[in-house]
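Report on the following structure.
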Amino acid sequence: MKIAVTRLAGKEKDDDALFASYGHTVKIVRPLTAEIDSHAVQRFVLDANDGNFDAVFFTSAYAAEHIAPLLDKKISKTCRVIGIGPKTTEVLHSYGIKAEMLTSYYSRDFAAYLGDWAEGKRIGIPRADVPNKELINSIEDVGAFAYEYRVYHLAPSGMPLSLDGCDAVLFTSSKSFSDAVLPDLSGIIPMAIGDITADAMKKAGVVPEVVGDGSLKGTLDLIQKKYL
């Protein structure tokens, strides 16, 4: 299949090879644009390198790509560094940062992943300028302290998704769906990377035929099982 995938600029690295390994081709579409807040990045990096956190949680590969090169490579000796999924964790590793990977790929499970260890701990979270009360509340509920840094802003690109020649479109976040300018999806298979994205799609009357596990590779595994 030819699958359109919603991506921020710079996040599509290795997508061609990954999709080809499953026998598919990929077309990158951009319903959102991202803008780094350099001041917020600087504040986070200074605080992280000064040892102000017991753990740092990267909720996206985009944030990791812009922040990891600025971090002290010894940070993982005094601070737990955790990536939300395989892509994010891979980015951290590529810059010499030892990092754990959240097993479920959903930020809502972060506090449960930390378990009893989290009580009294300071958690630094560099992320998008998008509310995530569920994540912050879950951290506070286990007695930890959440320090959120809105290091990049997301905005609709305003450009209609170009799906010409595509058999399917895979939405990689709820915002990439809700802010997209959608063409007629007749004859195109709608897909969601995970259940949060799927819920947003269903509320808008678009029922995804594939709902992944929150990761791109896991979603491709499910596509393979369903269609090949």
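Observations on the structure shown:
- Filtered by the rule that a residue be more than 21 Å from Ser104 (Cβ to Cβ) and either buried (at least 24 other Cβ atoms within 10 Å of the Cβ) or touching a helix residue (DSSP H, G or I) at 6+ places or on another chain (Cβ under 9 Å) (or both), region 55-73 gives Glu65, His66, Ile67, Ala68, Leu70, Leu71, Asp72.
- Top-ranked residue in region 158-169 [being over 18 Å from the mean Cα position of the chain (by Cα) and within 18 Å of Leu8 (Cα to Cα); ranked as surrounded by the fewest Cβ atoms within 10 Å (Cβ to Cβ)]: Gly158
- Residue count for region 170-209, restricted to those that are outside any helix (DSSP H, G or I) and within 20 Å of the chain's Cα centre (by Cα): 12.
- Within region 210-228, the set of residues being exposed (fewer than 13 other Cβ atoms within 10 Å of the Cβ) and outside any helix (DSSP H, G or I) comprises Leu228 only.
- Among residues of region 69-119 being among the β-branched types (Val, Ile, Thr) and more than 23 Å from Gly218 (Cα to Cα), the one that is modelled with the lowest pLDDT is Thr78.
- Of all residues in region 112-126, those that are in a helix (DSSP H, G or I) and open to solvent by 20 Å² or more (accessible area, probe 1.4 Å) total 5.
- Qualifying residue in region 136-155 (condition: within 26 Å of Lys217 (Cα to Cα), free of Cβ contacts under 8 Å to residues at least 60 places away in the same chain and in a loop (DSSP other than H, G, I, E, B)): no
- Flag for Asp109 being open to solvent by 70 Å² or more (accessible area, probe 1.4 Å) and more than 24 Å from Lys74 (Cβ to Cβ): no
- All positions within region 74-94 that are touching a Leu at 6+ places or on another chain (Cβ under 6 Å) and open to solvent by 10 Å² or more (accessible area, probe 1.4 Å): Ile84
The values are calculated or read from the model by the stated rules, or taken from the named source; none is laboratory data. Quick caveat, the model's predicted, so the values are computed rather than measured. A quick note on method: Cβ atoms are made from the backbone with ideal geometry, for glycine too, and the neighbour counts reach across all protein chains shown. Side chains are part of the model used for accessible areas, which takes the heavy atoms of the whole protein and leaves out ligands, DNA and RNA. Shrake-Rupley method; radii C 1.70, N 1.55, O 1.52, S 1.80 Å.
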